[in-house]
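Okay, structure first, notes after.
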Amino acid sequence: MRDPCENSAENEQEEEAKAAAGDFAEVAESEKDSDADSDSDLETGSTRGLGEVVKDTPYRRFCEAFNVVPASCILRQENASELSLQHRGLGPQGARALASTLTSNPYIKRLDLRDNGLCGAGAEALADVLSKNSIISDVDLSENQLGAPGVQALCAALAVNQVVQKMQLSGNGLEEQAAKYLADLLLVRTGLKSLDLSYNQLNDQAGETLGPALAENTGLTELNISWNHLRGPGAVAFARGLEANIFLKVLDISYNGFGDPGALAVAEALKTNNVLEELNMSNNRISAEGALSLGRGLRDNQTLRILVDTEVNRKFDDLASSVKVILPGLHIKNASAPKGLWTVASSCPL
């Protein structure tokens, strides 16, 4: 089955759209002030889809230029602080039309485009906006088949953007090549505080790439890299990055394959890390031996408040008494707490 992001006809549409966009850009600029200060955006009476009336605005003309159907929800939200367009099927061309209007929008601070089939081309259009925009601070581009090309464009934009604080890239099929661009981003000082890379395909090699970059990062306070394929040497390298990081407060590495070697590496990181407050490493193939290693690491840690580990079973329950000898301030919640929530109160002496 052909990948929808590899439409051979799209290249021709792109060239036509670029030429048309040049014509409409001048029109949009000349009418921007009048659109903001008057009631000149009259409804034309034309309908799209289920009888939705489309206003005669620069956005509509950009849609015509890119040969896409205007989304009336964009018109309804164009003056709101949040633009939510989940599951709208915008596609690359729809993203280009939207990007053309976002460039001059002074209102939108949060942009939610989850599940719109944007692909790499759509990400590139939005990246151009982000490289210039000084308003948008929260972006959700999850489930959009961005791949390495899309991530490359976005990372380049974020490297020069000091406004975006939260970026969600969950479920985009990101692999080893994308990790290289993400690592480059982590090495640059930006305004990015929260990054979601969950539900991707970041593997062993990706872990070896991201680990050293995490060690040098000076901005992220929250990172979600759950549901990936970090295991073996990659998991160990990533954990070592945590050891040197001095900014990260919340880390989710659940549903990978850290195993006992990865757990031991995390334990060593916890001995020296004095910033991390929440750690989720559930469902990582960690045995009782690995759990005990974590307990020993926690003995020297003064900041971690919440540790979500493997699901509690009889073997783990037998280990609990041994761990509490090492960590008298550790509260192990089972039964009513799914996946075994370990909570270490910050006030308890460790």
Original post:
Which value, in Å² and to the nearest 10, is the accessible area of Phe238 when all protein chains are kept and the probe is 1.4 Å?
Top reply: 10 Å²
**OP:** Would you be so kind as to identify which of Leu220, Asn273, Leu186 lies farthest towards the positive end of the dipole of the stretch 185-317, taking Lys and Arg as +1 and Asp and Glu as -1 on Cβ and the Cα centre as origin?
**Re:** Asn273
Subject >> Greater than 19 Å apart at Cα, pairs in Lys180/Lys249; Lys132/Lys249; Lys132/Lys180; Lys193/Lys249 >> reply: Lys180/Lys249; Lys132/Lys249; Lys132/Lys180
Original post:
What order, most packed first, do the peptides 250-260, 88-98, 212-222 have when packing is the mean number of other Cβ atoms within 10 Å of each residue?
Top reply: 88-98, 250-260, 212-222
Original post:
Of Val68, Val139, which has the most accessible area and how do the rest follow, probe 1.4 Å?
Top reply: Val68, Val139
Original post:
How big is the accessible area of Lys271 in square angstrom, nearest 10, if you roll a 1.4 angstrom probe over the protein chains?
Top reply: 80 Å²
**OP:** Quick one: dipole size for the stretch 138-240, taken about the Cα centre, charges +1 on Lys/Arg Cβ and -1 on Asp/Glu Cβ, in debye to the nearest 20.
**Re:** 220 debye
**OP:** Quote the FRET efficiency, to the nearest 0.05, computed for Ser104 versus Asn79 with a Förster distance R0 of 22 Å and r equal to the Cβ-Cβ distance.
**Re:** 0.95
Original post:
Which value, in debye to the nearest 20, gives the size of the charge dipole of the stretch 107-188 about its Cα centre, when Lys and Arg are +1 and Asp and Glu are -1 at the Cβ?
Top reply: 300 debye
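The values are calculated or read from the model by the stated rules, or taken from the named source; none is laboratory data. No experiment lies behind these values; they were computed from the predicted model shown. For neighbour counting, all protein chains shown are included, and Cβ atoms are generated from backbone atoms with ideal geometry for every residue, glycine included. Just the protein is used for accessible areas: all its heavy atoms, side chains included, with ligands, DNA and RNA removed. Shrake-Rupley method; radii C 1.70, N 1.55, O 1.52, S 1.80 Å.
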